[in-house]
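The values are calculated or read from the model by the stated rules, or taken from the named source; none is laboratory data. Given the structure is predicted, the values throughout are model-derived calculations rather than measurements. When we count neighbours, we look across all protein chains shown, and the Cβ atoms used for this are built from the backbone with ideal geometry, even at glycine. These accessible areas exclude ligands, DNA and RNA; they are computed on the full protein's heavy atoms, side chains included. Shrake-Rupley method; radii C 1.70, N 1.55, O 1.52, S 1.80 Å.
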Amino acid sequence: MYRVVGIVMVVNTSLGGDLLLFRYPTVVRTKVSDETMQAFASQRNSLSTSTDQIRKWNTGTVQKPLMNLEVHNKKVSTDTNDSSSSYHMPSVMLAPMLTPKPILCNRNFEVTIEETTFVGFPVLLPQGQKQTRSDPDGNEDHRDELRVFSVSLALMRVNPDADGIIGTLPKFRRLTKQLATALKHEQIRCDYLSSQAYVLIEIREAWLAAQRDEANQAMKPDHKALSSQLLSVSTLAKELLEVYHSLSTSGCVNVRFNNWTTVIATIKDEDVMPDWPIRPYQTLLMLPKDKWSSGLPSDASPSLQKVMDMAKPTRSFRELQSETDTPLAQLYRIAAHLAFW
């Protein structure tokens, strides 16, 4: 059994190579690693480019983050499991490990580093996309194109009887495939992934450029500031944050990418049922309708919607059967779906 300790998104672009776009929870290092700064310096070998990026951060072209920014009523946190040290390795080391060669794309991909297992589903995108950006020098003849992306879950092995939300590897594999399929659909439909990726890349580059500002050592933005900034401007970052928090708190994911494509999944074992059977005299105690109506997918079963609309604490399954004209066996399946899956 495994527990989720983090979520990581990486991409490969034609000019930038393997890049880490977003990682949550925030890494606990107090400074940027030397490897990351050396890699950034090799990509940005002109002082003018670095100065321009620093100016973007300091003058507000890239908005400075609010340190207590809240997203979905959850504060950006740096709390992580100390044993998952591999999760905190420098981005220039982690990104190539989670971005395989094209021949290994479009299938489940796993990497185990020390005690941390990264489970993902890298996707090779078709070339000739509409959404591109210029190279760092503004050369229009060299366009940066998104080629591969992967959303990976960082997992730690735990005992089967451990407290908290845990799941099996097949469940996490299926979930990462669903996330990859949804993001690929949005990329093909409207270039959602490319547009979000380039926003995240530019913010990370401005943040790294600010780290090289020798004149203002005390005011350098830290990793927490970077996470806050990414979450404040990127809907994709917020959606990935929602996936992580859902897995950590309930084990069930219900996320809508780009307000269009919905992913609903669970890492719970659907074969595990309560020790007691469902009886005709029992009923469903539903949350207020405004709490669950927006979470239903557009293609939800009419029977499910009817039962959820008609269910009341004073209405037994036997009464629901007659009022909704739904067989009792189907009512039991719907109730088990809502309560346990």
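Exactly one residue out of Val233, Val243 is out of contact with any Pro (no Cβ under 7 Å at 6 or more places or on another chain) and under 22 Å from Leu94 (Cβ atoms), and it is Val243. For segment 1-25, residues that are part of a loop (DSSP other than H, G, I, E, B) and either open to solvent by 10 Å² or more (accessible area, probe 1.4 Å) or modelled with pLDDT under 90 (or both) total 4.
Reported count of residues in segment 5-25, each being under 14 Å from Glu145 (Cα atoms), among the small types (Gly, Ala, Ser) and in contact with a helix residue (DSSP H, G or I) (Cβ under 9 Å, 6 or more places away or on another chain), is 2. For the criterion of being crowded, with 21+ Cβ neighbours inside 10 Å, modelled with pLDDT of 95 or more and not small (Gly, Ala, Ser), Leu226 fails. When we screen Glu186, Glu202 for residues that are farther than 17 Å from Gly6 by Cβ, acidic (Asp, Glu) and open to solvent by 30 Å² or more (accessible area, probe 1.4 Å), the only hit is Glu202.
Within segment 160-187, residues that are under 17 Å from Thr261 (Cβ atoms) have Cβ atoms under 6 Å from residues that are open to solvent by 30 Å² or more (accessible area, probe 1.4 Å) in these pairs: Glu186/Asn258, counting only partners at least 6 apart in sequence or on another chain.
Taking segment 313-338 on its own, how many of its residues are over 21 Å from Ala265 (Cβ atoms) and open to solvent by less than 100 Å² (accessible area, probe 1.4 Å)? So that I can check it myself, show each step before the final result.
Within segment 313-338, the first condition is being over 21 Å from Ala265 (Cβ atoms), and the residues that meet it are 313-332.
Retained after the next criterion (residues that are open to solvent by less than 100 Å² (accessible area, probe 1.4 Å)): 313, 315-317, 319-324, 326-332.
Of the residues in that region, 17 qualify.
At least 1 residues being modelled with pLDDT of 85 or more and touching a Cys at 6+ places or on another chain (Cβ under 8 Å) is the threshold, and among the strands (runs of 3 or more DSSP E) wholly inside segment 85-164 those reaching it are 146-157. For the residues Val263, Val255, Val307, the requirement of being in contact with a helix residue (DSSP H, G or I) (Cβ under 6 Å, 6 or more places away or on another chain) and farther than 29 Å from Arg3 by Cα singles out Val307.
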